[in-house]
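Down below is the structure, laid out as structure tokens.
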Amino acid sequence: MGRTSDARERILAAGAELFGQRSYASIGVAEICAAAGVPKGSFYYFFPSKQSLALAVVDEHWVWQRGQWVDILTADAPIVERLRRLFIATAEMQSDALKGTGAVVGCLFGNLALEVSSQDDPVRARLQEIFEEQIDLVEVAVLEAVAAGELTAANPRVVAKSVVAQIEGMVLFAKLFNDPAQLDELWENSMRLLGLRIPEAA
């Protein structure tokens, strides 16, 4: 009973690791099962298809990442400091991946979006929802900053979308060059985007 109870978690963990390292199309159910140490029957007991596993992996990763973003973006700190912490957390994730696997893995959501956006409607739709939620979180922080007089934004939604797009773009560059240092300019560029001056201490 114990082995059955943790089989789903092992499959999820194996899927997350493989989807983070290689293209979605190149990974088969047999490989996922081998990595998880479970028979195919166990896989199909929990997930009717590779697509359903991908959706579960995406949801699980977003639960973790959303908690991190909420903690950072709702902190009692100026918008400059909150965004700085968000960018640092993003860069640290890529640096940790480089140390652990020897490669910058990029963003799970971005990687899947680039690969399946034209061929897998359920995954694409879920990724769209997650990116919209990311924009929502940043927009709330921007609106609070506007209300506090920290910045002026003609369209907070557009500003929030631009911040999320820049994070994704810089992470893509970090993956392409296998170099987390590509993220170093992310902070200053985003501050310019918001029309904010970077404090000397930052």
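Assorted remarks:
- Here Arg82 passes the criteria (1) among the charged types (D, E, K, R); (2) within 18 Å of the chain's Cα centre (by Cα); (3) within 26 Å of Ala125 (Cα to Cα) except the one numbered (3).
- Counting only helices (runs of 4 or more DSSP H) that fall entirely inside segment 99-202 and contain at least 1 residues that are within 13 Å of the chain's Cα centre (by Cα) and outside the structural domain of Ile72 (by TED's automatic domain parsing), no element qualifies.
- Segment 22-45 - residue that is buried (at least 16 other Cβ atoms within 10 Å of the Cβ) and in a helix (DSSP H, G or I) and, of those, farthest from the chain's Cα centre (by Cα): Ser42
- Val58 in a helix (DSSP H, G or I), over 28 Å from Asn178 (Cβ atoms) and assigned by TED's automatic domain parsing to the domain that holds Pro180: no
- If only residues of segment 1-44 that are over 23 Å from Gly106 (Cα atoms) and among the basic types (Lys, Arg) are counted, the one that is modelled with the lowest pLDDT is Arg3.
- Positions within segment 109-159 being farther than 17 Å from Gln65 by Cα, among the polar types (S, T, N, Q) and in contact (Cβ under 8 Å) with a residue 40 or more places away in the chain, in sequence order: Thr152
- Sub-8 Å Cβ pairs linking a first residue in segment 17-43 that is small (Gly, Ala, Ser) to a second residue that is part of a loop (DSSP other than H, G, I, E, B) and surrounded by 13 or more Cβ atoms within 10 Å (Cβ to Cβ), at least 6 apart or interchain, are Gly20/Val105, ordered by first then second residue.
- In segment 70-79, the residues that are crowded, with 20+ Cβ neighbours inside 10 Å and in contact (Cβ under 8 Å) with a residue 60 or more places away in the chain: Leu73, Ile79
- Among residues that are of a type in the set (D, E, K, R), in contact with a helix residue (DSSP H, G or I) (Cβ under 6 Å, 6 or more places away or on another chain) and within 19 Å of Ile88 (Cβ to Cβ), Glu168 is included.
The values are calculated or read from the model by the stated rules, or taken from the named source; none is laboratory data. Just so we're clear, the structure is a prediction, and the values are computed from it rather than from any experiment. Neighbour counts are summed over all protein chains in view; Cβ atoms, including those assigned to glycine, are modelled from backbone coordinates with ideal geometry.
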